[in-house]
Amino acid sequence: MEARLRQADGVASERPLAFDRKSGRLSGAGVTDRVAVLALQAGSVITRPYGHRGYRHGCKAVATVVADRDIIVRLNEDADFAIPFCDGYWSRMLNPRYDYEEEIEAFLRCAADLRYSFVDCGANFGYWSVLASSRPFGRQPTLAIEASPENAKRLGANALLNGDRFRWLNAAVGGFARITGARHEALQTLRLTKEEPDAVPVVSLDGLAAGGLIDASLPVVVKLDVEGVEIEALTGAERLMQRDCVVICEEHGSDTTHGITRHLLEEMSLRVFVFDPRACRFNRLDGIKRLDSIKRHPWVGYNVFATSSALWEERLLAATWRYR
């Protein structure tokens with residue numbers, strides 16, 4: 001019996017492993033794979049109320065009993081996202097009832113009827129680039145930028161998986177930088193005062209717009225998750241921010257000073273909006289101290305949306321969300 005199970009799993013491992021979030025259908029899986037997916041799903045349900053604290057350890061344990069390969073997660077009918085099977089961060093997507101950064105999805109869905117340029121800074125494996133360029137999100141012209149060479153390989157693979165419909169760059173935004181860290185979703189971008197042999201190429205958002213990689217004749221949405229050089233990246237986007245541009249910045253839960261939001265409000269004089277999960281809609285931030293109650297977990301990132309554009313303010317205030 002055990003030999004037959006091993007043989008069945010070996011045959012299954014030759015087929016692409018895929019999971020459809022809408023239907024819950026798992027294909028290309030052997031018996032062990034199916035049990036592993038059930039374990040990963042249960043782990044997400046259990047740890048979700050705690051910001052998925054400890055989920056990574058469970059994924060690591062499950063990974064010891066399955067083959068080392070990728071799983072393709074179908075995000076919608078026009079969006080496929082490949083991740084390592086049992087990845088400690090992205091495996092939560094195997095839980096169909098889990099909403100990943102629902103505030104960004106709510107906003108992008110509300111803007112799907114517009115034509116805008118989407119710029120995904122700190123794209124990781126390209127989750128938001130895959131979605132923004134998909135049919136349900138309006139097939140927006142998308143540029144993904146990722147500083148980590150290893151992450152950028154997966155970013156490029158996901159672009160190819162989706163018909164190469166978005167551009168991508170292996171580069172850093174905001175200054176000479178070295179990328180460090182062991183976890184792909186929590187790498188650090190260390191700012192350098194000069195170029196060094198292991199520094200990644202450097203770009204500015206205004207420079208990308210001037211070079212035609214960002215179509216600034218359209219409204220622009222910038223997702224900025226660059227782990228430590230956000231202010232430098234914003235400094236390189238001064239001309240872009242004077243247009244119909246909204247920037248989505250990650251405020252880390254461990255930053256009790258709320259440094260990024262302070263910069264957006266005080267130095268850039270932008271209007272800042274946050275998502276209220278109880279009302280399932282956006283509100284304009286009425287004071288920096290409001291973030292004290294929003295940032296509940298120090299290990300979690302929280303998104304703030306900043307703009308001077310009436311167009312984007314209107315869309316933010318119109319966006320709503322329904323939890324699964």
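For the range 20-35, what are the residues that are in contact with a strand residue (DSSP E or B) (Cβ under 9 Å, 6 or more places away or on another chain) and either surrounded by fewer than 21 Cβ atoms within 10 Å (Cβ to Cβ) or under 19 Å from Y323 (Cα atoms) (or both)?
Once the filter is applied, which keeps residues that are in contact with a strand residue (DSSP E or B) (Cβ under 9 Å, 6 or more places away or on another chain) and either surrounded by fewer than 21 Cβ atoms within 10 Å (Cβ to Cβ) or under 19 Å from Y323 (Cα atoms) (or both), the range 20-35 yields D20, R21, K22, S23, R25, L26, S27, G28, R34.
Among the residues of the range 21-32 satisfying the criterion of being farther than 13 Å from R92 by Cα and touching a residue at least 40 places away in the same chain (Cβ under 8 Å), which is farthest from the chain's Cα centre (by Cα)?
Among them, the one singled out is G24.
Filter the range 209-237 for residues that are in contact (Cβ under 8 Å) with a residue 60 or more places away in the chain and among the small types (G, A, S); which is nearest to R115 (Cα to Cα)?
Restricting to residues being in contact (Cβ under 8 Å) with a residue 60 or more places away in the chain and among the small types (G, A, S), the top hit is A216.
Look through the range 88-124, keep the residues that are small (G, A, S) and in contact with a helix residue (DSSP H, G or I) (Cβ under 8 Å, 6 or more places away or on another chain), and return whichever of them is nearest to V203 (Cα to Cα).
Here the residue is A123.
Consider the range 78-98. How many of its residues are crowded, with 24+ Cβ neighbours inside 10 Å and either touching a Cys at 6+ places or on another chain (Cβ under 8 Å) or among the β-branched types (V, I, T) (or both)?
The total comes to 2.
Residues that are assigned by TED's automatic domain parsing to the domain that holds R21 and modelled with pLDDT under 95: which helices (runs of 4 or more DSSP H) entirely in the range 109-214 hold 3 or more of them?
none
So T47 fits all but one of (1) in contact (Cβ under 8 Å) with a residue 40 or more places away in the chain; (2) surrounded by 15 or more Cβ atoms within 10 Å (Cβ to Cβ); (3) part of a helix (DSSP H, G or I); what number is the exception?
Here T47 clears every test but (1).
Does the range 18-35 include one or more residues that are at pLDDT 90 or above, acidic (D, E) and part of a helix (DSSP H, G or I)?
Looking through the range 18-35, at least one residue is at pLDDT 90 or above, acidic (D, E) and part of a helix (DSSP H, G or I).
Being surrounded by 20 or more Cβ atoms within 10 Å (Cβ to Cβ) and either at positive phi or among the charged types (D, E, K, R) (or both), is that true of even one residue in the range 99-106?
yes
What is the one condition in (1) more than 25 Å from the chain's Cα centre (by Cα); (2) surrounded by fewer than 19 Cβ atoms within 10 Å (Cβ to Cβ) that L38 does not satisfy?
L38 satisfies every listed condition except (1).
If we keep just the residues of the range 298-324 that are surrounded by fewer than 16 Cβ atoms within 10 Å (Cβ to Cβ) and charged (D, E, K, R), which is farthest from M268 (Cα to Cα)?
That would be R324.
Kindly indicate whether E250 is closer than 20 Å to S293 by Cβ and surrounded by fewer than 21 Cβ atoms within 10 Å (Cβ to Cβ).
Yes: the conditions hold for E250.
The values are calculated or read from the model by the stated rules, or taken from the named source; none is laboratory data. Remember, predicted model here, so these are calculated numbers, not experimental data. Here Cβ is always computed from backbone atoms with ideal geometry, including for glycine, and neighbour counts include all displayed protein chains.
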